[in-house]
Amino acid sequence: MRAKVEHPFRVIKHQFGYTKVRYRGLAKNTAQVLTLFALSNLWMKRKQLLSAAGSVRL
């Protein structure tokens with residue numbers, strides 16, 4: 001269970017370089033962290049997304 005939770009944090013820290021908060025204020029930091037988690041979800045699923053996009057023909 002813990003490994004599934006820790007992997008997005010590793011992606012955010014190592015891939016996006018997020019180690020400390022950047023802004024003052026809870027609202028800005030919350031928005032940034034939520035954006036980083038959305039990006040980490042895309043990063044972790046990138047192979048599936050790219051393979052699905054490769055099979056689509058217009």
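Remark: pairs (first residue in segment 31-45, at negative phi; second residue exposed (fewer than 13 other Cβ atoms within 10 Å of the Cβ) and of a type in the set (K, R); Cβ separation under 8 Å; 6+ apart in sequence or on different chains) = Q32/R22.
When residues in segment 1-20 are screened for being modelled with pLDDT of 80 or more and among the aliphatic types (A, V, I, L, M), 2 of them pass. Looking across segment 32-58, the residues that are surrounded by 10 or more Cβ atoms within 10 Å (Cβ to Cβ) and of a type in the set (K, R) come down to K45, R46. Looking across segment 11-31 at every residue that is surrounded by 12 or more Cβ atoms within 10 Å (Cβ to Cβ) and among the basic types (K, R), the one that is nearest to M44 (Cα to Cα) is identified as K13.
The values are calculated or read from the model by the stated rules, or taken from the named source; none is laboratory data. Please read these numbers as outputs of a predicted model, since none were measured by experiment. For neighbour counting, all protein chains shown are included, and Cβ atoms are generated from backbone atoms with ideal geometry for every residue, glycine included.
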